[in-house]
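The values are calculated or read from the model by the stated rules, or taken from the named source; none is laboratory data. Here the structure is a predicted model, which means the values were calculated and not measured. With ideal geometry, Cβ positions are generated from the backbone for all residues, glycine too; neighbour counts draw on all protein chains shown. Just so you know, the surface numbers come from the protein's heavy atoms only, side chains and all, with ligands and any DNA or RNA stripped out. Shrake-Rupley method; radii C 1.70, N 1.55, O 1.52, S 1.80 Å.
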Amino acid sequence: MDHRNYIGLVIIAVIIAFIPTLVKNDYYIGILVFTALNCLTALGLCLLMGYAGQISLGHAAFFGLGAYSTAILTVNLGWSPWIAMGAGACLTAVIALIIGVPALRLKGHYLAMATLGFGAIVNIVFVAAVGLTGGPSGISGIPQLNFLGIELNTDKSFFYFSWAVVILGLFLALNLIHSRVGRGLRAIHDSQEAASSLGVNTSKYKIKIFVLSAAYASVAGSLYASFINYIDPGPFDVMHSVLLVVMVAVGGMHNIWGAMIGAVLLSILPEFLSALSDYFGGIGIAYKSDYDMLIYGGILLVIMLFLPGGLYEGIQRLLQASRNLINRFKMRAFS
Amino acid sequence: MSSGGSFTDLLQFIFMGLQRGSIYAMVAMGFNMIYNSTGIINLAQGEFVVLGGLMMVTLTMGLNLSIPFALMITVIFVTVIGILMERFTINPVKSPTVLRLIIITVAVSILLKGVAMCFWGKESHYMRHFTGTEPFEIMGATILPQTLWIIGILLVIVVGFALFFNFTMTGKSMRACSINRDAARLAGINDRNMVMLSFALSAGIGAVAGSIITPIIQMDYARGALLGIKGFGAAVVGGLGNSFGAVVAGLLIGIVEALGGGYISTHYMDAFALLILLVVLFIRPSGIFGSREASRLKEF
């Protein structure tokens, strides 16, 4: 693995360590926990989109399967949240395998629609299977996590824990990308025919990544359930699947760091905008959460039209441009 | 009596299925139109339907316009949106990848949904029926006048498009472009205009679908995704690109859905159409009416 990636991980860890000294408000810490969970799901989705070149418009279903597994197993059966999380991830992986084997034979639009349909069906089941999922009113009283004797019962402790999981997930993903599997995946992305002619088992790789990314989403879902102690079908709808794709695409789907940038940015942007409009309340422009969708759609459209590599590519271009500028000044100074 | 009762039930479900299915058929025709001219699946197709319905609500209930006049304005309004979408988001993208195109149409759908929510709010909107709500009785089952309007308008659209694509120069040019774009261009057809026209027609047909179904389902801003995906299901079952197949498949899916909702479970009603979509995609992605040979040429 490239040493720059290790530096990136360390930088994130340092930032995370210092955030609670800067952000005192529990509400904002809570937002940053949701940001971490979005990052984790986006990481998995980015492996699928950016590295295997396959789209999934159904990842909120995997997120939801993790959350409901945790909720049902802990509340109804009294299991430990950790075992429930593992069982949820296994269940989600099996479901992803069952869906993925036929779905990943499809390409492009067909795959997009198949995953969209799958996601919609899972959401309908969450709403309709009242006996199991509690229906629209959901499940409450989900127990907290206990990590090595520490109750994760405050926003701050859960904040540290969730970001530790993100860093772990990032580390695993980076290792995967720089392994034989990762190189095979990139070959699939560029040309499936060329890759398979060189002996890369394309369908096997694609399914593996699909299952892995579903498991990432499932773990994020379990953490979500443990964090807010209550779930209903609302957050696991088709719109959330779409939003996850937006995060990955806005950040830059061809790079795992891009997905991180996108997930962080889009998770905190609405909060940032509403805080901003509170601050500038005098002007008479109030930001409402109703505008979220306009903002997301607008950003995604602009990025896709003018910067298809996402913000990551934009940042790289900026760095390159500034480097060129500095070099030019140096040349002039020495000449 | 019991056998008569169950037959009445069956008939009732079939009427309901035809009503829903007509809408899926029209959404599917919209998908096909754009797919044939560009190879793109427009994920904002359901949003055209929603915008059509909501615009109709404002014009008929808010401004109290007559139904035909309101329908005309609604179709023009949504058609313009379709043209703008093509001009500003599809046309400028040179040599796009499929993934990028999918995400662009997703972005447009989020944007349109956001616009719909800002203007019309989150609540669902009531709209008056075209000609009263006094149901007709046919062999014990009842059918709303609005359902007859829906089926009738679907027929008019199908016949209209058949005439357009077979007997007008523009329609034939569009077909030529969908068969072989390069050859069509060599023959002097402006293929870029044909793409724009396909977006216009597709948006227009979506607007009509939204306008006629709103009195029955009460439109709200968030319905687009499900309408779109069921319409896509009809397009796939009918064989993507095949308009006749789309209509038959749309009606069939509507009927299956109504029967499933009636006899199995109303809670899972929406899931039946989606299950059909998944099963067909997984087993025979060329669709039931599509030929395997033709579909081999397409990118799945």
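Counting only helices (runs of 4 or more DSSP H) that sit wholly inside the stretch A:1-76, those with at least 1 residues that are modelled with pLDDT under 90 and more than 19 Å from A:M253 (Cβ to Cβ) are A:3-22, A:26-46. Would the stretch B:268-283 turn up any residue that is more than 12 Å from chain A (Cβ to nearest Cβ), surrounded by 21 or more Cβ atoms within 10 Å (Cβ to Cβ) and either in contact with a Phe, Trp or Tyr (Cβ under 6 Å, 6 or more places away or on another chain) or not polar (S, T, N, Q) (or both)? No, the conditions are met nowhere in the stretch B:268-283.
Among residues of the stretch B:70-94 that are among the charged types (D, E, K, R), those with a Cβ under 6 angstrom from a residue that is assigned to a helix (DSSP H, G or I) and open to solvent by less than 50 Å² (accessible area, probe 1.4 Å), sequence gap 6+ or separate chain, pair up as B:E86/B:F199.
If you check B:G39, B:G132, B:G121 for being away from chain A (no Cβ under 14 Å) and among the small types (G, A, S), only one passes: B:G132. Residue count for the stretch B:224-270 satisfying the condition of being part of a loop (DSSP other than H, G, I, E, B) and within 19 Å of A:V122 (Cβ to Cβ): 5. Cβ-Cβ contacts under 8 Å between residues 6 or more apart (or on different chains), taken from a first residue in the stretch A:111-135 that is at positive phi and more than 9 Å from chain B (Cβ to nearest Cβ) to a second residue that is assigned to a helix (DSSP H, G or I) and surrounded by 24 or more Cβ atoms within 10 Å (Cβ to Cβ), are absent.
Answer yes or no: is there a residue in the stretch B:69-90 that is surrounded by fewer than 24 Cβ atoms within 10 Å (Cβ to Cβ), away from chain A (no Cβ under 14 Å) and either within 30 Å of B:V256 (Cβ to Cβ) or modelled with pLDDT under 90 (or both). Looking for residues that are surrounded by fewer than 24 Cβ atoms within 10 Å (Cβ to Cβ), away from chain A (no Cβ under 14 Å) and either within 30 Å of B:V256 (Cβ to Cβ) or modelled with pLDDT under 90 (or both), one finds at least one in the stretch B:69-90, hence yes.
Residue by residue, here is whether (1) away from chain B (no Cβ under 14 Å); (2) of a type in the set (S, T, N, Q); (3) in contact (Cβ under 8 Å) with a residue 12 or more places away in the chain; (4) out of contact with any Lys or Arg (no Cβ under 9 Å at 6 or more places or on another chain) holds:
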position: A:V242; (1), (2), (3), (4): no, no, yes, yes
position: A:A259; (1), (2), (3), (4): no, no, yes, yes
position: A:I299; (1), (2), (3), (4): no, no, yes, yes
position: A:V302; (1), (2), (3), (4): no, no, no, yes
position: A:R332; (1), (2), (3), (4): yes, no, no, yes
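Counting the residues of the stretch A:66-75 that are open to solvent by 20 Å² or more (accessible area, probe 1.4 Å) and either without any contact (Cβ under 8 Å) to a residue 24 or more places away in the chain or under 15 Å from A:L37 (Cα atoms) (or both) gives 1. Looking across A:S322, A:S267, one residue alone is polar (S, T, N, Q) and in contact (Cβ under 8 Å) with a residue 40 or more places away in the chain. It is A:S267.
If A:L106 satisfies every condition in (1) open to solvent by 20 Å² or more (accessible area, probe 1.4 Å); (2) aliphatic (A, V, I, L, M); (3) facing another protein chain (nearest Cβ under 8 Å); (4) without any contact (Cβ under 8 Å) to a residue 60 or more places away in the chain but one, which is the exception? Here A:L106 meets the rest and fails (1).
The residues of the stretch A:160-173 that are of a type in the set (A, V, I, L, M, F, W, C) and over 15 Å from the mean Cα position of the chain (by Cα) amount to a single one, A:F161.
Look at the stretch A:167-192: where a residue is over 11 Å from A:L43 (Cβ atoms) and a partner is open to solvent by less than 40 Å² (accessible area, probe 1.4 Å) and assigned to a loop (DSSP other than H, G, I, E, B), sitting 6+ places away or on another chain with Cβ atoms under 6 Å, you get A:G184/A:V200; A:L185/A:A52; A:A187/A:V200; A:I188/A:A52; A:H189/A:G53.
Please go through the stretch B:107-164 and pick out each residue that is open to solvent by 80 Å² or more (accessible area, probe 1.4 Å) and at positive phi. B:M139 - this is the single residue of the stretch B:107-164 that is open to solvent by 80 Å² or more (accessible area, probe 1.4 Å) and at positive phi. Scanning the stretch B:94-105 for residues that are open to solvent by less than 10 Å² (accessible area, probe 1.4 Å) and at pLDDT below 90 turns up B:I102, B:I103.
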